[in-house]
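The values are calculated or read from the model by the stated rules, or taken from the named source; none is laboratory data. Note that the structure is a prediction, hence the values are computed from the model and not measured. No Cβ is skipped: glycine too gets one built from the backbone with ideal geometry, and neighbour counts run over all protein chains shown.
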Amino acid sequence: MQLEIHTTRVDAVVAWARKHSVEQYPFLSACCGVEFMATVGHGSSRFGFALPKASPRQADLLVVVGTITERQAPALRRVYEQMGDPKWVIAFGACAASGGLYQNYAVVPGADQVVPVDVYVPGCPPRPEQFLWALKELRTRIGGQPAQEMPAATGSLVRIRPHLPQRKPKAPPRKRGKGKPA
Amino acid sequence: MTVAVALHDWSSLQALLRDQGHPAVATGSSPGLVWIEVARGAWLTSAAWLHREGCATFIDLTVTDLWLPNTSPRAPGRFVVQLVLAAGGGTRVALRTRLRASELALPSVTSLWPGANWFEREAFDLYGLRVTEHPDLRRILLYAEFMGHPLRKDYEKQRRQPLVRVGPLSKLGQG
């Protein structure tokens with residue numbers, strides 16, 4: 001067997017490794033969740049995307065699947081903050097991408113109001129092929145990171161994505177509702 | 001006791017309510033539903049009477065805001081609260097009352113039908129119906145920080161009360 005030698009950069013190797021081993025954590029909140037479960041059977045592991053993890057702490061990819069209500073938004077934000085860097089987000093379905101048909105007092109108009117979204121998957125619900133497209137698109141984005149954003153060769157973890165500003169969200173006034181009894 | 005008996009004996013409720021100074025406002029029926037509209041003060045008396053007469057099953061508690069589009073948007077609305085009960089034999093009985101926005105309050109019927117608990121909380125949450133003597137009157141669908149009652153017609157359609165808003169955080173076009 002002939003020995004082959006290839007030369008490359010460390011960051012390219014790291015990106016190559018990363019895009020082939022993305023652990024996903026689905027945040028299933030509505031009917032799209034059922035569609036997402038069906039999608040898992042379409043072989044996302046062929047692209048190196050492992051089956052969904054049980055905890056966001058073990059995951060690199062947050063898949064926001066379904067309608068995000070205002071009441072759920074703090075939970076989604078918390079899940080995102082529990083994930084280690086580097087991390088990516090896919091908004092699965094019309095509701096996660098834009099609020100969908102719910103333009104009202106109860107629904108967040110798109111998961112990107114709460115967490116930074118890399119890839120949007122439209123559809124109500126999206127077809128499994130669309131989700132596979134999103135995974136491939138995300139792989140392209142992970143692999144195409146500019147070198148200066150990649151981890152240093154020494155092994156210290158540099159954030160691959162600019163972090164969100166860690167400012168506190170504006171809390172609404174904590175007064176009691178008008179109609180509340182004393 | 002079936003609903004047929006209850007209807008047959010409808011006059012006894014009328015007499016009871018008249019004695020208490022709150023005669024029934026109107027009654028009527030449509031296929032599968034018999035309804036009676038009473039004054040606000042007769043709400044609990046009538047509910048207890050229906051419970052006694054065989055309406056053992058609580059079905060629903062609904063509120064309707066009767067705001068009309070031609071009136072001033074800030075005009076105080078009028079509301080219809082309806083308690084839907086099943087009495088066997090496939091017939092439902094609805095107890096209704098009309099309330100002004102300024103006096104949107106009713107006594108709880110949870111002592112008669114414990115299942116009404118969450119429905120009354122929902123009516124409070126979304127319409128601001130103040131249910132007196134309710135065991136646990138808190139918001140049930142919305143969060144405690146929410147101000148106002150969003151299904152009332154005087155709630156501004158565009159008004160949002162987010163708990164978390166740090167976006168839009170699209171990363172399209174990066175990387």
Practice item. Quickly run through the range A:93-130 and pick out the residues that are of a type in the set (A, V, I, L, M, F, W, C) and in contact with a Phe, Trp or Tyr (Cβ under 6 Å, 6 or more places away or on another chain). Key: A:A97, A:V115, A:V121
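For the condition part of a strand (DSSP E or B) and either at pLDDT 85 or above or within 21 Å of B:P135 (Cβ to Cβ) (or both), what is the one hit in B:L50, B:L85, B:L112?
Details: B:L50 fails: part of a strand (DSSP E or B); B:L112 fails: part of a strand (DSSP E or B).
Residue meeting the stated conditions: B:L85.
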Revision key, fill the gap. Scanning the range B:131-163 for residues that are facing chain A (nearest Cβ under 7 Å) and more than 24 Å from B:R78 (Cβ to Cβ), the one modelled with the highest pLDDT turns out to be B:Y143
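What number of residues within the range A:125-144 are among the basic types (K, R) and either within 14 Å of another protein chain (Cβ to nearest Cβ) or touching a Cys at 6+ places or on another chain (Cβ under 8 Å) (or both)? Quick ask: steps written out before the conclusion?
If we filter the range A:125-144 for residues that are among the basic types (K, R), which is where we start, we get A:127, A:136, A:139, A:141.
Cutting the leftovers down to either within 14 Å of another protein chain (Cβ to nearest Cβ) or touching a Cys at 6+ places or on another chain (Cβ under 8 Å) (or both) gives us A:139, A:141.
So the count comes out to 2.
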